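Since the structure comes first, as structure tokens, the remarks are kept for the end.
The values are calculated or read from the model by the stated rules, or taken from the named source; none is laboratory data. Note that the coordinates shown come from a computational prediction; the quantities given were computed from them, not determined experimentally. Here the Cβ positions follow ideal geometry from the backbone for every residue, glycine too, while neighbour counts run over all protein chains shown. Ligands, DNA and RNA are stripped out before the accessible areas are found, and what is left, the full protein with its side chains, is counted by its heavy atoms. Shrake-Rupley method; radii C 1.70, N 1.55, O 1.52, S 1.80 Å.
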There are 4 protein chains.
Amino acid sequence: MKLWYEDKKLDPGIEKFTVGGDTVLDQKLLKYDCKASIIHARMLERNGILSAAERQELETELENLSAEAQTGGFFINPEDEDGHTAIENRLRDKLGVVGEKIHTGRSRNDQVLTALRLYIKDELLCVKKSLKSLIGGVRRFSNRWGRIEMPGFTHTRKAMPSSVGMWAEALVEALYDDLDQWKAAYALIDQSPLGSGAGYGIPLDIDRNLSASLLGFSRVQKNPVSCQNSRGKFEGTVLHLLGFIMFDLHKTASDLVFFTLPDLGFFEIPEDMLTGSSIMPHKRNPDALEILRGYYHVVLSYEFRVKSLGAGLISGYHRDFQLMKEPVIQAFEIVRESLFIAGLIFRSLKAVPGRCKAAMTGELYTVEKAYRLVQQGIPFREAYRMVAEEWNKKR
Amino acid sequence: MKLWYEDKKLDPGIEKFTVGGDTVLDQKLLKYDCKASIIHARMLERNGILSAAERQELETELENLSAEAQTGGFFINPEDEDGHTAIENRLRDKLGVVGEKIHTGRSRNDQVLTALRLYIKDELLCVKKSLKSLIGGVRRFSNRWGRIEMPGFTHTRKAMPSSVGMWAEALVEALYDDLDQWKAAYALIDQSPLGSGAGYGIPLDIDRNLSASLLGFSRVQKNPVSCQNSRGKFEGTVLHLLGFIMFDLHKTASDLVFFTLPDLGFFEIPEDMLTGSSIMPHKRNPDALEILRGYYHVVLSYEFRVKSLGAGLISGYHRDFQLMKEPVIQAFEIVRESLFIAGLIFRSLKAVPGRCKAAMTGELYTVEKAYRLVQQGIPFREAYRMVAEEWNKKR
Amino acid sequence: MKLWYEDKKLDPGIEKFTVGGDTVLDQKLLKYDCKASIIHARMLERNGILSAAERQELETELENLSAEAQTGGFFINPEDEDGHTAIENRLRDKLGVVGEKIHTGRSRNDQVLTALRLYIKDELLCVKKSLKSLIGGVRRFSNRWGRIEMPGFTHTRKAMPSSVGMWAEALVEALYDDLDQWKAAYALIDQSPLGSGAGYGIPLDIDRNLSASLLGFSRVQKNPVSCQNSRGKFEGTVLHLLGFIMFDLHKTASDLVFFTLPDLGFFEIPEDMLTGSSIMPHKRNPDALEILRGYYHVVLSYEFRVKSLGAGLISGYHRDFQLMKEPVIQAFEIVRESLFIAGLIFRSLKAVPGRCKAAMTGELYTVEKAYRLVQQGIPFREAYRMVAEEWNKKR
Amino acid sequence: MKLWYEDKKLDPGIEKFTVGGDTVLDQKLLKYDCKASIIHARMLERNGILSAAERQELETELENLSAEAQTGGFFINPEDEDGHTAIENRLRDKLGVVGEKIHTGRSRNDQVLTALRLYIKDELLCVKKSLKSLIGGVRRFSNRWGRIEMPGFTHTRKAMPSSVGMWAEALVEALYDDLDQWKAAYALIDQSPLGSGAGYGIPLDIDRNLSASLLGFSRVQKNPVSCQNSRGKFEGTVLHLLGFIMFDLHKTASDLVFFTLPDLGFFEIPEDMLTGSSIMPHKRNPDALEILRGYYHVVLSYEFRVKSLGAGLISGYHRDFQLMKEPVIQAFEIVRESLFIAGLIFRSLKAVPGRCKAAMTGELYTVEKAYRLVQQGIPFREAYRMVAEEWNKKR
């Protein structure tokens, strides 16, 4: 049953088309929608719309529903359009008139925003934990192998001496940058849209601060139009952060594909992380690194989708916004998995001292040579030319 | 069981990560993979690798498997990595030694390419049919309502007289452009990669022309390196075409959201195609148009994903290519559904003669006025100025 | 003259191709490059590489050069490859041996990073000022016209009562979100890369903290590999912020194109901000709003250029990075201009009370009606149905 | 002077903002705009709007103007807004009343479309020529070095034997695919929009077929609304083609950066195509390859700019379209230059037989080994296992 007055039965083709993947995607949001509904009910009680008993009934049923949703016992019916409808229908089925009160003081437009933000906040916390855990893993790797010298490259050509530690610590520093940007993204999302209704407020005196604080939001997103207009902007910022993180993993994967090239062999990935070929008996391929690398582009395309989806739309809610849910949810899954896999790889990655050492060839030391001349008082550019001429003769 | 020699059991985390959504996506390709395998077996028979009896056994089993896959009776096991492995494992389970022969003369790299191209060709034919059907629908709409005058807009402002027919025929002309571009995309895809192996040919004398022609490809993609390097390019061209089509639907949806604005009311969408609001009892929203509009961006992001996924990779297969399957498959689903919905809408869309007529206000005719002066021998720019001055006084 | 040892004269085609637009783009960075060079020289003095007199000579000449660059008296020669070379060549021409010392302790790789970051920091400060100034302008507009009621839209359809103030304050709240994100972007950029050399440090004891603090950076980006690997990430974050801001202007422009539609007429843009048509004498078009709207996509495309340019590249500098300069510089110009124009528009934008009032039609009040019933004790969903039925009868 | 009736002087800030880079970009289109204007005048003569003498006067002046534009003697004044205005103003300055007649039967909206298409057609022809010339160059390279064996890679790991010829011919085959797609793009563009006016036709009997055929268009784009709605679609298709070509060059550049890695050394790029470092005396970097590689992303971002710029806009012209000119013009410059540079590189690229041969190590032949067993009657999968086991023992 729809939440709206279906005077004429909705055309089934249109229904299927507009619902799309929502029954599946909303399944992930049910938990957060239930949580927000419980808090909303508490606010309604304090504002005198619900009696204590009614609120309790709603709360119990919402907790049941949430538990069922977690264990796979509650499914959203396509006829219900979305999770919000599924929840209200269930409450009405079970609680009758009391269920008819839960939607007081809200609209699906702020309900979905609230559920999404609670979901995003949870996922962001999870990403933060994974980032910290990866940092720990990379550091352990660096502590173990860091002192080994290896060539540093520019233009994919040997440049100057580097070390396994310098390479690994670069990733650590990048991940700390990610943690800093994480804060900004989290703070942006951490605003409560609940009570902004359809985007123009609720003609009823409700306490938005109360529900915001009970839900753990650090502040209220005050202007109801602004709540809706932040669709695309907020998701886009989260996706920017996720892409930012994936970029580091992409770079690491690109490095490892290259550095484990048999002709270089600076690192070794254990056999049980490599896959084979259906035709070439000898093959051992770094598929996990390649998927890690490729996922950067997947997340980037989700970011681009969200950022262009809102284009050309005037203020206020549009159904186009619905298409922003999938990219956010998918991107979180990808990033969570990718951070896990990156950790797994660093746990068993080994530097190969012999190969690293063998690669420390003469050209890597030309700068050092020039600087030795500098320390003897020769101007750098002159020293550079001297070393360059000597080097060119040698070749 | 893997197709490759799993000396050491693949780490389960890595396995899950690299397989990703392939067990689900490949389900859609099984039919094509079976078809290609049947043809491949015929080629092997003619080339003396298989006996007639062996070929027959393989063919029967592949047909069984294909039928089961269609009816949901055959599923790809994550342990199998992908559909190709699932097929070979099944053949070996059922046919023993004969099953061990099917992979002669091919690799998963050309196998997936072949299945994908057969799939794309089928889907493209389906898109073409839908395009033609939509053209028919728009024409019927135009025949019925076309003569009604309505304002033409530039800069979202009334410009000059237009008509329902002029508007609808613009879509028809655009869809014909799509059909033209369709041909180029189809011709590109219509090249057989089968027999290019892992990307460097097969050290065995096989008849690539034979399997190509039996599979209905119009030509062989000869260079095996070129087969692999076209990953991303070919899919990208298909997605460009699909985005090209979606752009027309996006434009049409944007127009209809605007033209059905109650303040304009040039068209009417029937009630059973509109949805309502959970909070506003009066609401009737054109959600289907909004999803249609939004899907353009989804397809565009898939195109961008595919086009950037191949960046920075040297010649030859990389596992990153696997991530190109999903965008292609998803985009086809979206475009097929969208063309269907567009047809549905045109079937019941009505022009509203009264509202159209009422909107034919004076400013629309200033050009006509100027041209009447031109026909009296006044240079256009002077005529323009005369009408402009008169118009400005009136305001 | 190149900074490197041009054993064999570089092919002129290759030279032109690799230099590309750099001689023009670097012109904007010269000022920052000179500033960084002056600080670098001071550090070299304190580290004993330069005498006080040498440092003074360099400083004077760099100040001259910077002044000439500002007034258009100094141009980068294509033969010089880039601004860094042009600067060193000039110093060598004028100061001889002393000029040969300036490049001690740095590489073009950290030099360009430093100049770019100083440039970005300056531009970001300018953007912040413009944001604040726009907030002031929108507030003044809101103070003047805010109390006027106007319809709020969802799905581009009348939804509930809004007001000019609610609409304008939504922009203000959005711009405050921008200011918050601004901080995160600025903090990221505010790390000194100077002294990281080519990406693997300098084989000389130099004081990176000193040059960082003299240049006004709040901290040193320590790991030299990390400095280079942040190419694309840092620029991408700045472009994300700029796109974030442009999104708000895009939304505002979309709203104004719609709200100033003659059929609605809620706002009025003064005549001298509208342009005309070469053929239609009556036309007045909101071109500035359309360019404002379109610029969002331009900035978005710059963001995606930068974010995809680094794909597939291993750690360390690559010449591909050079192509990230143009999008950053262009985007800043666009955003600066756009914020200025947005301010200009709000300064003269007028609400039209009569048209706004006339648009406050019945359907906007159905929620209010339902809530009056709620306040009489009727459960919301029942109240909704009652109003919906009544409304449907009326139509 | 504007072409429209500037009742109130346009605000100078708005003027600057809306004109943007058009005075520079249109400079490239002037030649085509003049050509189209000459043909337009001929059509007007045949349709009785212009006398033979008037037409002649216009033609002479337009030819003068065009010549001046080519030699840098005619510049577009920002006050003129665009090239179209500049041309008409000049004609009016020189020819008086006759100049006031040239705009009869057209609008700037179809005028810019016409000039752009003529420009694109010319540039496409130039691209085709360059493609063919590059094919010739790669073939000459292949003829010279093709027989040398080199390793083929999958997953950036040695896979099976390949050859310099197989690698080079893959590019040739890809470029032939490009030539095929070229045809489709050219055919799409090759439709005359002239006479579609502002997007709703001209209230005057003009002969669109005549001007189309005199301009060399193969057909008329009939529906005037369709002409405007193809903005974004047509440019997007051209950019898709250009990106398609750049992808091949990107792949080639990626290959060459990798294959010329000193540790592999399969190919040699001559010294005079490599650049150096400001700090490392020994460095020789393949910057041209890196710029070639990076330009793919630049063109890709232009494609996505154009494809997203039209989003959310209803039928008819919008000023946002103006922002599509730059990406098209820039992309053509990039592609032209890149094809030239690719040719230059192939002209002097050398394979290094010794290094190629040394790299033909054992693992490349495991498939051959398995196929020898197949030819002895062993099923492929069994043969694979036998070789794999043996190979694993050896390691």
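Normalised by the residues of chain D, what does the relative contact order come to in percent, with Cα pairs under 8 Å and at least six apart?
On the way: 513 pairs, mean separation 66.9, N = 395.
It rounds to 17 percent for chain D.
Where only protein heavy atoms count, and the probe is 1.4 Å, what is the accessible area per residue for the protein assembly as shown in Å²? Could the numbers behind the result be given before it?
Values: 48410 Å² over 1580 residues.
Averaged over the residues of the protein assembly as shown, the accessible area is 31 Å².
Only one residue of D:170, D:260, D:152 has its Cα farthest out toward the positive end of the dipole of chain D, where Lys and Arg carry +1 and Asp and Glu -1 on Cβ, and that residue is D:152.
Choose one answer from C:246, C:324, C:166: the residue with the largest mean-square fluctuation in a GNM of chain C with alpha-carbon springs under 10 Å. So, out of C:246, C:324, C:166, the one fluctuating most is C:166.
What is the distance in Å between the Cα centres of the stretch A:33-67 and the stretch D:155-174? So the separation of the two Cα centres works out to 66 Å.
With runs of 4+ DSSP H residues as the only contributors, calculate the mean residue ellipticity of chain B at 222 nm using -39,500 (n - 2.57) per run, divided by the residue total and rounded to the nearest 500.
Working: 14 runs with 247 residues, N = 395.
Value at 222 nm, helices only: -21000 deg cm²/dmol.
Placing a label point 7 Å from the Cα of residue A:52 along the Cα-to-Cβ direction, the distances to the matching points in the other copies come to 8.2, 9.0, 10.4 nm, shortest first. On the beta carbon distance between residue B:272 and residue D:340, with R0 = 60 Å, the FRET formula returns roughly 0.50. Computed from backbone phi, the HN-Hα couplings of the stretch C:220-234 come to 9, 7, 5, 6, x, 5, 4, 4, 5, 5, 7, 4, x, 6, 5 Hz, rounded to whole numbers (Karplus: 6.51 cos²θ - 1.76 cosθ + 1.60, θ = phi - 60°; Gly and Pro given as x).
Label-point spacing for residue A:358 across the identical copies (point 7 Å from Cα in the Cβ direction), in nm and ascending order: 1.2, 8.6, 8.6. When chain C is treated as a Gaussian network with alpha carbon springs shorter than 10 Å, the biggest mean-square fluctuation among C:248, C:11, C:178 belongs to C:11. What shape does the protein assembly as shown have by the C-alpha gyration tensor, where a ≥ b ≥ c are the square roots of the eigenvalues, rounded means a/c under 1.5, and otherwise prolate means a/b greater than b/c and oblate the rest? Here the protein assembly as shown falls in the rounded category.
The rotation axis bringing chain B onto chain C passes closest to the chain B residue reported with its distance as B:312, 1, by C-beta distance in whole Å.
Close amide H partners of residue B:315, meaning residues 5 or more places away or on another chain with modelled amide H under 5 Å apart, are D:255. For the residues of B:244-251, the average number of beta carbons from a partner chain within 10 Å of their own beta carbon is 4. Rounded to the nearest whole Hz, the Karplus-based 3J(HN,Hα) values (6.51 cos²θ - 1.76 cosθ + 1.60, θ = phi - 60°) of the stretch D:100-112 follow the sequence 6, 9, 4, 7, 4, x, 8, 9, 4, 5, 7, 5, 5, with x at glycine and proline.
By its C-alpha gyration tensor, with a ≥ b ≥ c as the square roots of the eigenvalues, how is chain B shaped: rounded for a/c under 1.5, else prolate for a/b larger than b/c, else oblate? List each step's numbers first, then the result.
Values: a/c = 2.94, a/b = 2.44, b/c = 1.21.
Prolate, since a/c reaches 1.5 and a/b exceeds b/c.
Near residue A:152, the amide H atoms lying under 5 Å from its own belong to A:159, A:160, A:162; only residues 5 or more places off or on other chains count, and H is placed 1.01 Å from N. Chain A and chain D together bury an accessible surface of about 3700 square angstrom, both sides counted, with a 1.4 Å probe and no ligands or nucleic acids included. For the stretch B:118-166, a crude dipole built from +1 on the beta carbon of Lys and Arg and -1 on the beta carbon of Asp and Glu, taken about the Cα centre, is about 140 debye to the nearest 20.
Counting only alpha carbon atoms, the long axis of helix B:22-46 and the longest principal axis of chain B meet at about 60°. Approximating the spin labels as points 7 Å out from Cα along Cα→Cβ, the residue D:125-to-residue B:347 distance works out to 4.8 nm.
Each Cα pair under 8 Å and six or more residues apart adds its sequence gap; the mean of these over the residue count of the stretch A:111-221 is a relative contact order of 25 percent. Computed with every protein chain present, the accessible area of residue C:222 is close to 150 Å² [probe 1.4 Å].
Computed from phi, the 3J(HN,Hα) profile of the stretch B:236-242 under the Karplus parametrisation 6.51, -1.76, 1.60 (θ = phi - 60°) reads x, 6, 4, 5, 4, 4, 5 Hz, with x in place of Gly and Pro.
In chain B, the longest principal axis of the Cα atoms and the axis of helix B:52-70 are about 40 degrees apart. Amide hydrogen proximity for residue B:222: with H placed 1.01 Å from N in the peptide plane, no residue at 5 or more positions away or on another chain lies under 5 Å.
Estimated from the Cβ-Cβ distance and a Förster radius of 56 angstrom, the FRET efficiency linking residue D:176 and residue C:132 is about 0.45. Take residue A:213: with every protein chain present and a 1.4 Å probe, its accessible area is about 80 Å². Inter-chain neighbour count for D:317-328: the average number of beta-carbon atoms from partner chains within 10 Å of each residue's beta-carbon is 6.
Average partner chain C-beta neighbours within 10 Å, per residue of B:388-394? Working shown, then result.
Details: counts 10, 3, 2, 6, 6, 0, 1.
Mean shielding by partner chains, rounded to a whole number: 4.
Residues of the stretch C:123-154 that become at least 30 Å² less accessible with every protein chain present than in their own chain isolated, using 1.4 Å: which are they? Going by heavy-atom accessible area, the residues of the stretch C:123-154 that drop by at least 30 Å² are C:153, C:154.
Between residue B:386 and residue C:68, take the C-beta separation as r, use R0 = 41 Å, and let me know the FRET efficiency to the nearest 0.05. The formula returns an efficiency of 0.15 here. Where a ≥ b ≥ c are the square roots of the eigenvalues of the C-alpha gyration tensor, would you call the stretch C:12-101 rounded, which needs a/c under 1.5, or, failing that, prolate if a/b is larger than b/c, or oblate? Note, shape of the stretch C:12-101 comes out prolate.
So, in Å, what gap is there between the alpha-carbon centers of the stretch B:265-316 and the stretch B:336-358? Using only Cα atoms, the two centres lie 17 Å from each other.
Counting only lysines at least 8 places from residue C:8 when in the same chain, those with an alpha carbon closer than 28 Å to its own are A:158, A:369, A:393, A:394, C:16, C:94, C:101, D:251, D:283, D:350.
In this assembly of identical copies, the label point of residue C:8 (Cα plus 7 Å along Cα-to-Cβ) is separated from its counterparts by 4.6, 6.7, 7.8 nm, sorted shortest first. Put a plus charge on the Cβ of each Lys and Arg, a minus charge on the Cβ of each Asp and Glu, and nothing anywhere else: the dipole of the protein assembly as shown about its Cα centre is then about 0 debye.
Leaving out ligands, DNA and RNA, what percent of the accessible area of chain A is carbon and sulfur, probe 1.4 Å? That fraction is 51 percent.
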